[in-house]
1. From the list 42, 24, 29, exactly one residue is more than 20 Å from residue 82 (Cβ to Cβ), touching a residue at least 24 places away in the same chain (Cβ under 8 Å), surrounded by 10 or more Cβ atoms within 10 Å (Cβ to Cβ) and not aliphatic (A, V, I, L, M). Which is it?
2. Within segment 1-16, how many residues turn out to be surrounded by 10 or more Cβ atoms within 10 Å (Cβ to Cβ) and either outside any loop (DSSP other than H, G, I, E, B) or within 19 Å of the chain's Cα centre (by Cα) (or both)?
Amino acid sequence: MKLGDDLKSPVALRLKGWLFLILGLAAAGLLMVEDFSWPRLGLLTIAVWGFCRFYYFLFHVLQGYAGRDRPYAGVLDAMGWALRGREGKGQEKS
């Protein structure tokens, strides 16, 4: 397996997902330990929820319901497609 290859191992994919969860919990925990307040916790919760919904919008809603016929190359590709619309100027399908 080369470094640029897609990750396809189910075990490695699950491990990667759990590591993301641990990373997020650790970062949020450190932010809260440094200076805890209920409003700060509420704003952090809303920010995380909002970013999760935006990610869902980019990779599920746009691709599944807005007519994207091929996978995105990443978050920036998805955001560019969302801003341009269908296939971008001068690239409409016939």
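All of the numbers you see were taken from the coordinates with simple rules; none came from a lab. Source: prediction; values computed, not measured. Every residue, glycine among them, receives a Cβ derived from its backbone with ideal geometry; neighbour counts consider all protein chains shown.
1. Exactly one of 42, 24, 29 is more than 20 Å from residue 82 (Cβ to Cβ), touching a residue at least 24 places away in the same chain (Cβ under 8 Å), surrounded by 10 or more Cβ atoms within 10 Å (Cβ to Cβ) and not aliphatic (A, V, I, L, M), namely 24.
2. Counting residues in segment 1-16 that are surrounded by 10 or more Cβ atoms within 10 Å (Cβ to Cβ) and either outside any loop (DSSP other than H, G, I, E, B) or within 19 Å of the chain's Cα centre (by Cα) (or both) gives 6.
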